[in-house]
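See structure below.
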Amino acid sequence: MILIALFWFFFGMILYAYLGYTLILLVIAGFNRLFHKQGKQMQENLLPEVTLLVPAYNEARFVIRKVNNTLELDYPREKLKIIWIIDGTTDDTYDLLCRYPEIMVMHERERRGKIHAMNRGMKAVNSPIVVFTDANTMLNKDAIREIAKLFADKKTGCVTGEKRISESELQKAVDAGEGLYWRYESLIKRLESETGSVMGAVGEIFAIRTELYHEIKEDTLLDDFTISLMIAQQGYQIKYAPHAIGTETASFSISEEIKRKIRIAIGGLQTLTRLTGLLNPFRNGFLTFKYISHKVLRWTVVPFAFPLVFLLNLGIVLTQGSSGLYTVVFLFQCIFYILAFAGRLLHNVRIKFKALFAPYYLFVMNYAIIVGFFRFFKGNYSVKWQKVRRI
């Protein structure tokens, strides 16, 4: 009985985190569409002044493309200011940026990390809205306009855009898996936005009301997540702008993606220990429910639940015989891990059927969280931002 109870508990945690929570949001969002009007949007002639802030370290590969991308944005030129904050760069990033007088460049020779650069850059912002974006992220032309419109609602303190992974018809495992995952995450963000507040912004493209920014600790690993949730804690909402798109290439290899995921996991656990107020449902209500469902469970319980469910299921089959529901579930688990192993063997093979790599990416993602969990509690990580090689 104990084996069975534990099996269903951990199996239920996995199902809830990846399916149950999404279904609950679907139901609530459906009711909201029936009984609530669409949120306010900014009128064209009232678009606010915006500062686009780009922290960078050794981004010479992307500078020219990124600058051209930002200069082509469809937003009133007199209302858009562009600032790059260069932090300890050792390549041609600074020299390349100096070619563009339209851009303000804040250069510091010493490398002190992304958060220090962001805190420094915010001191030069005098517009009511600031948009953060990465140097290797390309924005669609309407991105700033789509974000700015959502700030018409005074309850909105932060707006997160849509992260996309550039795709080709034939993709490697890391490309396909990452792209599928972000489509799933985008669905959840849309539903969370329709039901109040999104659970955190994506660093590729997100914006805040400048007045709500508070300097964050320089050892913070997930700046986008921390900044956005600090704003949510102040009683403001984080909204999702699906047509404000930030596109980047996939990680260069699965090892690079694992490195990135480990860092995210460490940052997530760091956030858990710092933003403890979000765990108080009496203060935050539905926000706490979302935070636990979308983030806390995925960073603490679900990654360990996968191997536990497999072992518990195996124990039940061995002790109760090879027939019935538990055998079927065990066979499905075996198929999942076989597909994950096949994804590992074929991770450099370009293939048209992208869904084939979903088990592999899910396995890698949860493996990275487990590694990050132990590194976090050992203190075995660096606070300086570590570039991930991309295609």
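The values are calculated or read from the model by the stated rules, or taken from the named source; none is laboratory data. Keep in mind it's a predicted model, so treat the numbers as computed, not measured. Every residue, glycine among them, receives a Cβ derived from its backbone with ideal geometry; neighbour counts consider all protein chains shown. Accessible surface is based on the protein model in full, side chains and every heavy atom, while ligands, DNA and RNA are left aside. Shrake-Rupley method; radii C 1.70, N 1.55, O 1.52, S 1.80 Å.
Is segment 118-129 home to any residue that is more than 21 Å from Asp87 (Cβ to Cβ) and open to solvent by 40 Å² or more (accessible area, probe 1.4 Å)? Within segment 118-129, one or more residues are more than 21 Å from Asp87 (Cβ to Cβ) and open to solvent by 40 Å² or more (accessible area, probe 1.4 Å). Considering the conditions (1) of a type in the set (Phe, Trp, Tyr); (2) within 26 Å of Tyr236 (Cβ to Cβ); (3) surrounded by fewer than 17 Cβ atoms within 10 Å (Cβ to Cβ), Phe304 is excluded by exactly one of them, (2).
So which residues in segment 109-128 are of a type in the set (A, V, I, L, M, F, W, C) and touching a Phe, Trp or Tyr at 6+ places or on another chain (Cβ under 6 Å), if there are any at all? Of everything in segment 109-128, just one residue is of a type in the set (A, V, I, L, M, F, W, C) and touching a Phe, Trp or Tyr at 6+ places or on another chain (Cβ under 6 Å), namely Met122.
May I ask you to list the residues in segment 193-225 that are at pLDDT below 95 and among the basic types (Lys, Arg)? Once the filter is applied, which keeps residues that are at pLDDT below 95 and among the basic types (Lys, Arg), segment 193-225 yields only Lys217.
Limited to segment 203-231, what total is found for residues that are of a type in the set (S, T, N, Q) and either open to solvent by 20 Å² or more (accessible area, probe 1.4 Å) or in a strand (DSSP E or B) (or both)?
Here the count works out to 1.
Can you run down the residue pairs with Cβ atoms below 9 Å, 6 or more apart or on separate chains, where the first is in segment 218-234 and under 23 Å from Lys261 (Cβ atoms) and the partner is basic (Lys, Arg) and open to solvent by 50 Å² or more (accessible area, probe 1.4 Å)? Listed pairs, sorted by first residue: Glu218/Arg112; Thr220/Arg274; Thr226/Lys217; Thr226/Arg274. Listed by first and then second residue, the pairs with beta-carbon distance under 8 Å, at least 6 apart or on different chains, first residue in segment 112-140 and over 24 Å from Tyr75 (Cβ atoms), second among the small types (Gly, Ala, Ser) and open to solvent by less than 30 Å² (accessible area, probe 1.4 Å), are Arg112/Gly88.
Any residue that is of a type in the set (D, E, K, R), out of contact with any Asp or Glu (no Cβ under 6 Å at 6 or more places or on another chain), at pLDDT 95 or above and not in a loop (DSSP other than H, G, I, E, B) - is there at least one of those in segment 153-176? No, segment 153-176 contains no residue that is of a type in the set (D, E, K, R), out of contact with any Asp or Glu (no Cβ under 6 Å at 6 or more places or on another chain), at pLDDT 95 or above and not in a loop (DSSP other than H, G, I, E, B).
Taking first residues from segment 197-212 that are over 11 Å from Gly157 (Cα atoms) and partners that are part of a loop (DSSP other than H, G, I, E, B), the Cβ contacts under 7 Å between residues at least 6 apart in sequence or on separate chains come to Gly203/Asp134; Glu204/Asp134; Glu204/Thr137; Ile205/Thr137.
Whether any residue in segment 280-293 is farther than 21 Å from Tyr18 by Cα, among the hydrophobic types (A, V, I, L, M, F, W, C) and part of a helix (DSSP H, G or I) is what I want to check. Yes, there is a match, as at least one residue in segment 280-293 is farther than 21 Å from Tyr18 by Cα, among the hydrophobic types (A, V, I, L, M, F, W, C) and part of a helix (DSSP H, G or I). Scanning segment 314-338 for residues that are within 18 Å of Leu19 (Cβ to Cβ) and touching a residue at least 12 places away in the same chain (Cβ under 8 Å), we see that the one that is most open to solvent (accessible area, probe 1.4 Å) is Phe336.
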